[in-house]
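Notes follow the structure.
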Amino acid sequence: MLSSLSPRLVFLGLVLLAIISLLFARVFLQEYLALTACPLCMTQRVFVALWGVFAFIALLHNPAGWGLRVYGGLCALAAAAGGAVAARHVWLQHLPADQVPACGPSLEYMLETLPFSETLSLVLMGDGNCAETMWTFLGLSIPEQTLILFSVVTLIALWQTFRKYPGTDPAATGGQPANGET
């Protein structure tokens, strides 16, 4: 059944998942609940947007053969990188209180005053703001939910990258790909 899903439909699903995730973070968490996003949260949003952009380009391009694998791989890479940031965030949240790093300056301040490489390094280290659990759903903090999301998207994107596509098996078509790829 899963193999009958067209690659374009899978990429559309990844785009919609990214849009819903970003809207949830911005509208519900930030606007409705008035939660302030920490630097690690903002970094995770960048990776959500990145996988969404790759999936959207793939949706528009509608590639075949290696193109599908490249776009799927890019989506998987973005989601895996976001998952690494989310895992760091979860780790910070589970540190004992005496080991939590001190709070740092805001992301806006760092971007305005520090070189980008130093800002990136400080953001990925996280700070005391990132260790706070501001909201939970089903007992999971926002970074834990995001880590699950990134894991699911990584698995979908890897499946999209490595799955066998109907009509592209050279053995079934007399040694020639059915869709004209070389």
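Assorted remarks:
- Residues of the stretch 30-44 classified as out of contact with any Asp or Glu (no Cβ under 8 Å at 6 or more places or on another chain) and either in a loop (DSSP other than H, G, I, E, B) or crowded, with 18+ Cβ neighbours inside 10 Å (or both), total: 9
- Breaking point among (1) surrounded by fewer than 17 Cβ atoms within 10 Å (Cβ to Cβ); (2) at pLDDT 90 or above; (3) charged (D, E, K, R), for Glu144: (1)
- Given (1) crowded, with 19+ Cβ neighbours inside 10 Å; (2) over 20 Å from Thr119 (Cα atoms); (3) hydrophobic (A, V, I, L, M, F, W, C), index of the condition Leu16 fails: (1)
- For the stretch 60-92, residues that are touching an Asp or Glu at 6+ places or on another chain (Cβ under 9 Å) and closer than 19 Å to Leu17 by Cα total 1.
- The stretch 147-182, residues that are polar (S, T, N, Q) and at pLDDT 95 or above: Ser151, Thr154
- Within the stretch 21-69, the residues that satisfy the criterion of being within 22 Å of Gln93 (Cβ to Cβ), modelled with pLDDT of 90 or more and small (Gly, Ala, Ser) are Ser21, Ala25.
The values are calculated or read from the model by the stated rules, or taken from the named source; none is laboratory data. Quantities reported herein were computed from a predicted structural model and do not represent experimental measurements. Cβ sites come from the backbone with ideal geometry, for glycine too, and all protein chains shown count toward neighbours.
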